[in-house]
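These notes are about the structure you will find just below.
The values are calculated or read from the model by the stated rules, or taken from the named source; none is laboratory data. Keep in mind it's a predicted model, so treat the numbers as computed, not measured. Positions of Cβ are generated from backbone atoms using ideal geometry, with glycine treated the same way; all protein chains shown enter the neighbour counts.
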Amino acid sequence: MARLLTLTLNGRKRVDAVADNLLLLDYLRDGQRLTGTKTGCDGGECGACTVLVDDRPRLSCLTLAASCEGRRVDTVESLADGGRLSAVQRGFHEKLGAQCGYCTPGLIMASEGLLRANPDPGEAEIRAALGSNICRCTGYVKIIEAVRHAARLKASGEAR
Amino acid sequence: MEALPEFELLRPITIAEAVAARRSHPAARLLGGGTDLVVNIRRGIEAPGQLIDLTAVAELGTIKANAEMLEIGAAARLAAIAADDGVLAHYPVLAEAAASIAGPTHREMGTLGGNLCLDTRCIYYNQSHWWRSANDHCLKTTGAICHVAPKSRGVCFATFSGDLAPALMVLGAEIDLVGPEGARRMPLEQLYIGHARHDGSSGDGKRYLALLPGEIVARVRAQAVPGLRSAYDKIRIRRSIEYPVAGVAVALRRAGGVLAELRVAFTGTNPRPVLLAGTETLCGGALDEPAFARLDALVRDQVMAMKTTFTPGHYRRRMAGVLARRLVMKLFAG
C-alpha cells in the first residue's frame, strides 16, 4: 500500500509517494537524502533519530512517514542559515558538546525543541528534556553547557 | 535500513470510522505513538496486516480535568497529560505517573490508550526474532512453554508495566469502550484479566485485556473525591527510557488522625496492574506500625513478581512494598 504524503519538510512544502510501512527515518535518509538524521538503535532507545514534528521532538525510527500528513518536519539540516550555524549548533561546537558526533544531530534537535518551547531553561529542565537521548562519549556535562550557551546566543540575538 | 514488513495503514478521523475500520479488519492492530508496537513489529514479534492509527481521531485527543471530574481521550499524548494544569492541580498521581514514563520524546509520542493497553513484557519476549528462535520461542509467541515458569502449564507470566493504569485505578476511574456492538463502560480494573490462575479461569500475560473483538478504548473518566491525596512513585534501573522495576500509585483520605480511605495499585509486577484488595482493613484507625504490617502482608499476598526482567522477582516484590509504605506515610503526613 502507498499514498501521497503532503508535508512541510525543512520549510519547503513537498508531496511524495510513500509506502504505508515507510518509517519517517527512512523517508528522510533514503528518500530525501537528508542523512543528518542518524539511525542508532532502531528501537526508540537512543534518540539519535530525533527530529521535530510541529516543533516537538519525535523519534523518526518509530514514526510512520504517512502519519506526518500535513505536519511540519524539521531535521538538523534545517538549522544552519546559508552556512551560518544556528544557536544550538554553535553551542555544541563552541562548548565541545560533540565527541564522536553520532548522537549529536538527535541531541541538537531535542535541544532545539526545548529552546523553542522554553527559551531560558535551567539545568534540571535541560537534563529532563534530553532524557530520551543517549551519548556514550561526553558524559553530558559539555552537552548541558552547550544548550545553556545556545540559549544565551539566542537571547542576545547573536544566533538564531 | 531493512523495511518493516508490509502492512496497510488506516487513518480514521472519527470514532465511527475507527470502529468501522476495526470491524472490517479484525486482525488489525491499533496504533498510538508507536513507541511499543512499532518496536515489536521491527523485532518480528508481530506482523499485523493492517495498522489503524488513532492519533488523527480528534475526538479521542481531548483532556478535561477540573475540580469535579476527569475525562481523557485515548489518543491524548502522555506529555500533554503530564503538563495539563487541571491534571496537575486535581489528579497529581496521574500527572506524576505520566511524567515518569520512558523519556521526554517518548512522552510526546505515546498515548493514554497505548499505555493502558501496553503489551505485557518479558525478557524472553521483547527480543529480536533470531534471539527468540535460538532460545525456543515462548508461550507468548508461538512456543509451548513459559521460560520463566516452565511448569506453568500454559500460563504466561509476562508483566504489565504501564504507569497510567495504577494511577487511574486509585482515582476510581472508569473506562469507555466502543465497538461493533455499541459502547460500554466499566471500572478500569476490570479491563485487566491477567490473574494468571493455574486452572485457566482467567487471562494471563498473553491474554491480558478484557476487550471484546473489535473493541477500542475510547476514554477514561473519574469523579473527583474531595480531600483525596494521591501520588505516584516508581523504581527503575535508570531514570529515563526504562520500564519499571516496580511502580506504585496511592490515594488516601485522612479524617483527623484517622485513615479514612486508602487505595494502592501496582505496576511492573504481575501480568496485570494490581489494585490492592483489602486496604479497607487498614482504615478507621491511626496509621501505626501494625497497620503498616498489614499493608506489607497484603502486598506479599497479591504482588507476584516473576523473573520476567533483569531484576529478580523477589527484589521487585520487596521494592513494591517499600514504595507503597513510603507513599502512604508521605501522603498521610500531608
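Which of the residues belonging to the range B:31-59 are more than 9 Å from chain A (Cβ to nearest Cβ) and β-branched (Val, Ile, Thr)? B:Ile45, B:Ile52, B:Val57, listed by residue number.
Of all the listed residues (B:Ile123, B:Ile145, B:Ile72), the sole one being buried (at least 18 other Cβ atoms within 10 Å of the Cβ) and either free of Cβ contacts under 8 Å to residues at least 60 places away in the same chain or hydrophobic (A, V, I, L, M, F, W, C) (or both) is B:Ile72. State whether one or more residues within the range B:177-184 are under 20 Å from B:Leu37 (Cα atoms) and modelled with pLDDT of 95 or more. No: zero hits.
So, in the range B:54-69, exactly how many residues are closer than 21 Å to A:Met1 by Cβ and surrounded by fewer than 22 Cβ atoms within 10 Å (Cβ to Cβ)?
Residues that pass the stated criteria total 2.
Checked against (1) in contact with a helix residue (DSSP H, G or I) (Cβ under 8 Å, 6 or more places away or on another chain); (2) outside any loop (DSSP other than H, G, I, E, B), A:Ala48 passes all but condition (2). Screening the range B:302-315 for residues that are closer than 20 Å to B:His195 by Cα and either at pLDDT 95 or above or of a type in the set (Phe, Trp, Tyr) (or both) and picking the one that is surrounded by the fewest Cβ atoms within 10 Å (Cβ to Cβ) gives B:Gln302. Scanning the range A:27-49 for residues that are more than 15 Å from the chain's Cα centre (by Cα) and either within 8 Å of another protein chain (Cβ to nearest Cβ) or among the polar types (S, T, N, Q) (or both) yields A:Asp30, A:Gln32, A:Asp42, A:Gly43, A:Glu45. For the structure I just gave you, tell me whether B:Gly200 is in contact with a Pro (Cβ under 6 Å, 6 or more places away or on another chain), touching a residue at least 40 places away in the same chain (Cβ under 8 Å) and more than 29 Å from B:Glu261 (Cβ to Cβ). Spelling it out, it is not the case that B:Gly200 is in contact with a Pro (Cβ under 6 Å, 6 or more places away or on another chain), touching a residue at least 40 places away in the same chain (Cβ under 8 Å) and more than 29 Å from B:Glu261 (Cβ to Cβ). Looking at the range A:69-87, can you tell me whether even one residue there is touching a residue at least 24 places away in the same chain (Cβ under 8 Å) and facing chain B (nearest Cβ under 10 Å)? Taking every residue of the range A:69-87 in turn, at least one turns out to be touching a residue at least 24 places away in the same chain (Cβ under 8 Å) and facing chain B (nearest Cβ under 10 Å). From the set of residues in the range B:251-285 that are among the β-branched types (Val, Ile, Thr) and closer than 26 Å to B:Gly203 by Cβ, which is surrounded by the fewest Cβ atoms within 10 Å (Cβ to Cβ)? Of everything passing the filter in the range B:251-285, B:Thr279 is surrounded by the fewest Cβ atoms within 10 Å (Cβ to Cβ). Mind checking which residues of the range B:130-157 are outside any loop (DSSP other than H, G, I, E, B) and closer than 26 Å to B:Pro244 by Cβ? Result: B:Trp131, B:Arg132. Condition check for A:Thr138 on (1) part of a loop (DSSP other than H, G, I, E, B); (2) polar (S, T, N, Q); (3) surrounded by 21 or more Cβ atoms within 10 Å (Cβ to Cβ): one failure, at (3).
Restrict the check to the range B:1-19 and report whether at least one residue is within 14 Å of another protein chain (Cβ to nearest Cβ), part of a helix (DSSP H, G or I) and either surrounded by fewer than 19 Cβ atoms within 10 Å (Cβ to Cβ) or over 22 Å from the mean Cα position of the chain (by Cα) (or both). No, the conditions are met nowhere in the range B:1-19.
Can you tell me which residue within the range B:20-30, out of those that are within 14 Å of another protein chain (Cβ to nearest Cβ) and not in a loop (DSSP other than H, G, I, E, B), is surrounded by the fewest Cβ atoms within 10 Å (Cβ to Cβ)? That would be B:Arg29. Taking the criterion of being surrounded by fewer than 17 Cβ atoms within 10 Å (Cβ to Cβ) and either modelled with pLDDT under 95 or farther than 20 Å from A:Arg12 by Cβ (or both), the residues of the range A:57-83 that qualify are A:Asp81, A:Gly82, A:Gly83.
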